[in-house]
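Since the structure comes first, as structure tokens, the remarks are kept for the end.
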Amino acid sequence: MQVIKTAAKMKEASTHLKKSQKSVGYVPTMGYLHEGHLSLVEKAKRENDIVVMSIFVNPLQFGPGEDFDSYPRDVNRDIQLAEEAGVELLFLPSAAEMYRENHAVSVSVNGRTDVLCGRTRPGHFDGVATVLTKLFSIIAPDKAYFGMKDAQQVAVVDALIHDFFMDVELVASKTIREKDGLAKSSRNINLSPIERDQAPYIYQSLQAGAAMIEQGERDPKAVISAVLAHLEAAGGNVEYVECYSYPELKKQDVLSGKIIIAAAVKYSKARLIDNIVLTIS
């Protein structure tokens, strides 16, 4: 595996791959790799000639008082896991490399961000869209792989690719979970033992809401109320439970088509999100 730390060297490698007619699957991460990330690598390996991963904790997507400084990092461990998983190129830039002096242009996201996490994290998805625009330009992948745990991020990336006519295919993969249902997340390490026991109730609560829909409930308020009732067992502070069309993330008075039920719960040192996306026939 080759580790590359500058945009110029990464672009040089990308250009060589294009000239060699090698298809490139790209897995963007913020590091502290877990099975969710590695499952994306596995899928990318099946569908492409070369797999590129990036590890970059993007400061632009962290707001004041959020966990940028405490976000878990272990670069040596990540390099080893990436190599064992079969990543051919690992892009490992610094913040100074990605946001050079007198950085003048950023991306502003105007839709799909006034709900869910976007409502309480102003500027977060601007940071996501800005760094991905840079990374897509540097790496020039054929396909980019994202986990559905952060379904709002997937929706924003879908809009970014569509609205900017980017020549990259978005591949969204199912959330990878622990045996008890808790979504794999780099932030899970920050849960206390008691919180770790409570956290699986987030997914169980969403499952209860999904079951209501599958049994015929079409009132989003009734579904949200049921999920909130189940979430009492999850501890922490419930930031939101919301239900929208997907990926448009529009409010519905009567649920129909493809929808998302999503929740966020804040614990002492970790904020966890989860969701279920389903289609009403």
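Results, tabulated for the structure shown:
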read-out: Selection within the range 214-250 - within 29 Å of residue 161 (Cα to Cα) and in contact with an Asp or Glu (Cβ under 9 Å, 6 or more places away or on another chain); value: 247, 249
read-out: Selection count, the range 35-51, where residues are surrounded by fewer than 17 Cβ atoms within 10 Å (Cβ to Cβ) and at pLDDT below 95; value: 1
read-out: Search result, residues across the range 182-199 that are in contact with a strand residue (DSSP E or B) (Cβ under 9 Å, 6 or more places away or on another chain) and either part of a loop (DSSP other than H, G, I, E, B) or without any contact (Cβ under 8 Å) to a residue 24 or more places away in the chain (or both); value: 182, 184, 185, 191, 199
read-out: In the range 239-281, the residues that are farther than 26 Å from residue 67 by Cα and among the polar types (S, T, N, Q); value: 245, 252, 256, 279, 281
read-out: Members of the range 132-148 found to be of a type in the set (Ser, Thr, Tyr) and closer than 12 Å to residue 53 by Cα, listed by number; value: 145
read-out: So residue 100, is it outside the structural domain of residue 272 (by TED's automatic domain parsing) and under 23 Å from residue 189 (Cβ atoms); value: no
read-out: Residue within the range 100-117 that is surrounded by fewer than 19 Cβ atoms within 10 Å (Cβ to Cβ) and of a type in the set (Lys, Arg) present; value: yes
read-out: Residue 144 being at pLDDT 95 or above, touching a helix residue (DSSP H, G or I) at 6+ places or on another chain (Cβ under 9 Å), closer than 29 Å to residue 94 by Cβ and part of a helix (DSSP H, G or I); value: no
read-out: Checklist (1) touching a residue at least 24 places away in the same chain (Cβ under 8 Å); (2) touching a Gly at 6+ places or on another chain (Cβ under 8 Å); (3) of a type outside the set (Asp, Glu) applied to residue 247, failing item; value: (2)
read-out: Identity of the residue in the range 59-80, surrounded by 19 or more Cβ atoms within 10 Å (Cβ to Cβ) and more than 15 Å from residue 5 (Cα to Cα), that ends up farthest from the chain's Cα centre (by Cα); value: 60
read-out: Selected residue [surrounded by 19 or more Cβ atoms within 10 Å (Cβ to Cβ) and under 23 Å from residue 145 (Cα atoms)] from 206, 182, 170, 231; value: 182
read-out: Residue 274 being in contact (Cβ under 8 Å) with a residue 24 or more places away in the chain and buried (at least 19 other Cβ atoms within 10 Å of the Cβ); value: yes
read-out: Positions within the range 89-98 being surrounded by 14 or more Cβ atoms within 10 Å (Cβ to Cβ) and touching a Lys or Arg at 6+ places or on another chain (Cβ under 9 Å), in sequence order; value: 91, 92, 93, 97, 98
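Residue-wise test of (1) closer than 18 Å to residue 118 by Cβ; (2) modelled with pLDDT under 95.
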residue	(1), (2)
194	no, no
200	no, no
212	no, no
218	no, no
234	no, yes
254	no, no
261	yes, no
272	yes, no
275	yes, no
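Condition check ((1) among the small types (Gly, Ala, Ser); (2) more than 12 Å from the chain's Cα centre (by Cα); (3) over 23 Å from residue 262 (Cα atoms)) across all residues:
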| site | (1), (2), (3) |
| --- | --- |
| 125 | no, no, no |
| 142 | no, yes, yes |
| 145 | no, no, no |
| 159 | yes, yes, no |
| 163 | no, yes, yes |
| 167 | no, yes, yes |
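The values are calculated or read from the model by the stated rules, or taken from the named source; none is laboratory data. Not measured: the values here are computed from a predicted model. Backbone-built Cβ (ideal geometry, glycine too); neighbour counts: all protein chains shown.
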